[in-house]
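What follows is one structure encoded as structure tokens, with my remarks underneath.
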Amino acid sequence: MIRLCLAFLSLAPAAAEAEMVLRPEGIESLFIEPDRPATIRWRSDRDLPADPIRYTMRDFQDREVRAGTAERVDTRTVVLSATLAQGYYEIEFAGVPTRFGVVALPPAAQTPDAFFCIDSAMSWLVRDAGLREGLVRCLRRSGIAMSRERLNWGEIQSVRDRFDWNAQSGYETVRQLHADQQVPVLEMFHSATPWSGKVGKYPEDLVGTASSWREITRRWRSTWGGLEVWNEPDIFFGDHLPADQYVALLKTLTYAVDREAPGMTLVGGVMAHYHRQFLDTAAECGMLDCVDVASFHTYDRAAQMQALVGKYRDWLAAHGRRDMPLWITESGRPWKKGPSRPPADQDIASALDITCKAIEVRACGVARYFAFVYPFYEENDNNFGMMDRQGSPLRSFAAYIQAARALGNKSYLGDLRLGDSLPAVRVFGDDRETVAVLTALPGTTQTDVAVDLPVRRAEALDGRRVEPTAAGEVPLADGLAYVWLDRAAVTARLDTQTETMRLWTWGQASPPRRRATSPIVLRWQYDPDTFQPVTAGYRLMSENPGKTRLVVRAFNLGDQPANLPLVLHLADAAAQIGGENPCAVRVPAAGFADAAWDVDLTAAFARDDPLAVTVRSVAAAAPETLPLAVTLIGSPTIAQRRARYPRQLRLPLGQTARWQPNIPSYGRLELHPQPDDSVALTVRFGQGDRWVYPHFRLPDDVDLSRFSALVLRARCERPATVRIFLWETDGDVGYLTASSVVPADGKWHAAEVRFDELTLSNANAPDANGRLDLDQVRRISFGMNSDTAENRLDIGEAYLVGPE
């Protein structure tokens, strides 16, 4: 046995030596003009073998299309010359462990369509200088209108008085590369620097923040197409703080940028999820008055896009800004982490979903779409990259730039109905062309579609030409096809009275520029011993809060002192304000001052948990100040919560047979249902994500559509995010709470989970109709994402509640 092991070990170096490493001399050489002779060169990491270097070429569907021998022009250079039809190809060399993607599409027009953008993140994800340069050149050729980058402020200004513009991430080099190629950067400000202090993860020193960002803006404004403030503030990137803390930072950045680059596009929101309470608070704090664009992220499927865009439009409309531009600044579909390139089936699935989402939101009037993510990028068990480890293109990138080529600068015209077996066919056009986008029904193997109209030409997902069948059907081998049609013939059959057209129309409006910015920024100074900040607001730690002090800090970013009388308003008359109101403060130039009110909250939460608090300036002579709005969340007992609902049903959590474990293989779960209908979950994890969500099966006679919420009393022993899942039927479609339903502090808390506030879980199966169907829910999960390797969650009682 020992000799056998040694024999294998002796073979390992020889096997490794047999595998050459080839790299393209320039990744831009992998983008070629179709139907024209092209030459691609690779360099080897060692001398090439004397034997002929065989290659195989495959198409988008992984079918072999040619094979031959590559030319060896010197001891380390391989050359392949070919004339390729339009489309995507992979080249594989014998003895080389990886393939190389080749995109055969025409270069983009001089003025790219503003819609087709990409999240590049090269400052953080690409360290090779030559690869960075090649990637940026490929963006320009591919018709990418804007490239989203990321800036860790602490890297370029770790101390107050010194900037290192490149730092370890090469920030300035990356931005200058973009400028050289005339690809504007969407700068995304991420992370506070140590000297600025911290409120959660945001900078505490807003005066110093404004001063620094004036300098950053002066340095890089010529490379920017816009500035996006923070990333996904509604989740852990914002430390799960409510929106008022985020908007205080946003106002600060707006003021700073406007001093140095008037007219620069400011982007706010950057939402990870559609969290309406967070969004409403942001709008009430004036976010929509100090940005030009509201942005959000989505990793849902294409079928959910129209409903999601509609939700954001409804939110904007509720705050008087229905026609504000919407940008999606992250949207991707990953493949499995591990290899340098994904298997063809995973690559095709990623390409199809990213492209279909782009087409859907384009029709819904979204102004810019940033596919995620351009370079190779592994995260947890996924890889989101649209290029492989060496920087050669994957199918997802080829499909995306084909969409830009086919639909660029065309307007949505309406839907073409081809029968009940297909999704709505989106039709786009300009004064020269009309293009219909055919897509297969998700989950089907449909391969041909009858258009019943004269087809001028048709192209597949990667741009390769496809020919209609003898029966006039267009092949859908990739799940999508672009079909060029005669405008006059299409017009007679277009459906323009659609929800999609309504969204498109709103997206075409030209909203006014944002209002003039104020140097005065209000921020609430919450007491962590009294309030626990969560995404929706500030939860009072005590069930009987009594008298509480509310403190607001007024920052003055300008160079003149300001006198501010600040008025506190409480939405519930049962809450009593003590002392003077307004509270007058004098704020020094480039400084701050605090205003404070003592309020009695004893009876404030008798009818409802949230209490809206607003602070405004009423000074006529002072600079116009946007309001501060916060939401206080009471902690009523479970009896008080139940008393709000006439219909109640206690869940029999103590029935052991109703429970089914749901935990990773490296985790151990002990379920302890009790006769009093309580249950305890004790968990222990090894390496990997620490999640546990056992399924509780509802009694057969329970129809969840008769209820509107779940009221429970729970205790989590150690830090965790405690969540509730509702599962449709017996499948894997799950809707969950966006944030923790109770504090994980080892104490008992009552909570109310409203079903209309649940969001679709992106980690599970897509939902065909994009909405929670309560009448189909047969299982509920009570569980958590634990911060610790061992934890315990107790559910003392749980009730389904609703109106009579």
Return the pairs, sorted by first residue and then second, in which the second residue is hydroxyl-bearing (Ser, Thr, Tyr), the first residue lies in segment 634-645 and is open to solvent by 60 Å² or more (accessible area, probe 1.4 Å), the beta carbons are less than 7 Å apart, and the residues are 6+ apart or on different chains.
ARG642/TYR799
Report the residue count in segment 473-514 for those that are hydroxyl-bearing (Ser, Thr, Tyr), under 25 Å from the mean Cα position of the chain (by Cα) and exposed (fewer than 15 other Cβ atoms within 10 Å of the Cβ).
1
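Just to verify a result, which residue in segment 66-75, among those that are more than 15 Å from ALA38 (Cβ to Cβ) and assigned to a strand (DSSP E or B), is nearest to the chain's Cα centre (by Cα)? Before you say what the answer is, go through the steps one by one.
Step one: of segment 66-75, the residues more than 15 Å from ALA38 (Cβ to Cβ) are 67, 69, 72-75.
Within this subset, residues satisfying the condition of being assigned to a strand (DSSP E or B) are 67, 69, 72-74.
Details: ALA67: 41, THR69: 44, ARG72: 45, VAL73: 46, ASP74: 47 Å.
Ranking the qualifying residues of segment 66-75, first place goes to ALA67.
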Hits in segment 595-633 (condition: more than 36 Å from the chain's Cα centre (by Cα) and farther than 14 Å from ASN544 by Cα):
ALA595, ALA596, TRP597, ASP598, VAL618, ALA619, ALA620, ALA621, ALA622
Considering segment 76-94, residues that are under 16 Å from GLY26 (Cβ atoms) and open to solvent by less than 60 Å² (accessible area, probe 1.4 Å), and then whichever is nearest to the chain's Cα centre (by Cα), we arrive at ILE91
Of the conditions (1) in contact (Cβ under 8 Å) with a residue 60 or more places away in the chain; (2) within 17 Å of the chain's Cα centre (by Cα), GLU379 fails just one. Which one is it?
(1)
Quick test of your reading of the structure: ARG341 fulfils all but one of (1) in a helix (DSSP H, G or I); (2) open to solvent by 10 Å² or more (accessible area, probe 1.4 Å); (3) in contact with a strand residue (DSSP E or B) (Cβ under 9 Å, 6 or more places away or on another chain). Name the failing condition by number.
(1)
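Quick check: anything in segment 647-658 open to solvent by 40 Å² or more (accessible area, probe 1.4 Å), of a type in the set (Val, Ile, Thr) and in contact (Cβ under 8 Å) with a residue 40 or more places away in the chain? Break it down into steps so the answer makes sense when it comes.
Looking only at segment 647-658, we keep the residues that are open to solvent by 40 Å² or more (accessible area, probe 1.4 Å), and these are 647-650, 655-658.
Narrowing the set further to residues that are of a type in the set (Val, Ile, Thr) leaves 656.
If we keep only those that are in contact (Cβ under 8 Å) with a residue 40 or more places away in the chain too, we end up with none.
No, that holds for no residue.
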Which numbered condition trips up SER518, out of (1) modelled with pLDDT under 90; (2) in contact with a Phe, Trp or Tyr (Cβ under 8 Å, 6 or more places away or on another chain)?
(1)
Restricting attention to segment 218-228, which residues are open to solvent by less than 10 Å² (accessible area, probe 1.4 Å) and touching a residue at least 60 places away in the same chain (Cβ under 8 Å)?
GLY226, GLU228
Being open to solvent by 60 Å² or more (accessible area, probe 1.4 Å), touching an Asp or Glu at 6+ places or on another chain (Cβ under 8 Å) and not in a loop (DSSP other than H, G, I, E, B) is the filter here; which residues of segment 444-472 pass it?
ARG456, ARG465
Count of segment 760-795 residues which are more than 17 Å from LEU736 (Cβ to Cβ) and either of a type in the set (A, V, I, L, M) or open to solvent by less than 10 Å² (accessible area, probe 1.4 Å) (or both):
3
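Sort out for me the helices (runs of 4 or more DSSP H) sitting completely within segment 231-328 that have 1 or more residues that are in contact with a Leu (Cβ under 7 Å, 6 or more places away or on another chain), without any contact (Cβ under 8 Å) to a residue 60 or more places away in the chain and more than 22 Å from GLY200 (Cα to Cα).
On the way: elements: 243-260, 276-284, 305-318.
In segment 231-328, the matching helices (runs of 4 or more DSSP H) lie at 243-260, 305-318.
Wholly within segment 490-584, which strands (runs of 3 or more DSSP E) include no fewer than the required count, namely at least 2 residues that are closer than 20 Å to ALA243 by Cα and touching a residue at least 24 places away in the same chain (Cβ under 8 Å)?
Numbers: elements: 520-524, 531-534, 537-540, 547-556, 562-570, 576-578.
In segment 490-584, the matching strands (runs of 3 or more DSSP E) lie at 520-524, 531-534, 537-540, 547-556, 562-570.
Which members of segment 585-607 meet the condition of being assigned to a loop (DSSP other than H, G, I, E, B), at pLDDT below 95, of a type in the set (A, V, I, L, M) and surrounded by 14 or more Cβ atoms within 10 Å (Cβ to Cβ)?
First, the residues of segment 585-607 that are assigned to a loop (DSSP other than H, G, I, E, B): 588-590, 601-607.
In the following step, the residues that additionally are at pLDDT below 95 were identified as 601-607.
This time we only want the ones that are of a type in the set (A, V, I, L, M), so: 601, 603-604, 606.
Residues satisfying the conditions are LEU601, ALA604.
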Which numbered condition PRO610 misses (of (1) farther than 17 Å from PHE531 by Cβ; (2) open to solvent by 20 Å² or more (accessible area, probe 1.4 Å); (3) in contact (Cβ under 8 Å) with a residue 60 or more places away in the chain):
(1)
With the condition kept exactly as written, say whether any residue in segment 595-617 is in contact with a helix residue (DSSP H, G or I) (Cβ under 7 Å, 6 or more places away or on another chain) and among the aliphatic types (A, V, I, L, M).
no
Of everything in segment 235-260 that's open to solvent by 10 Å² or more (accessible area, probe 1.4 Å) and of a type outside the set (Phe, Trp, Tyr), which residue is nearest to the chain's Cα centre (by Cα)?
ILE235
Those residues that are surrounded by 21 or more Cβ atoms within 10 Å (Cβ to Cβ), part of a loop (DSSP other than H, G, I, E, B) and aliphatic (A, V, I, L, M), I need them from segment 363-419; list them, please.
VAL366, VAL373, MET386, LEU394
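The values are calculated or read from the model by the stated rules, or taken from the named source; none is laboratory data. These numbers come from a predicted model, not from an experiment. Heads up, the Cβs are rebuilt from the backbone with ideal geometry, glycines too, and the neighbour counts pull from every protein chain shown. Accessible surface areas use protein heavy atoms only, side chains included; no ligands, DNA or RNA. Shrake-Rupley method; radii C 1.70, N 1.55, O 1.52, S 1.80 Å.
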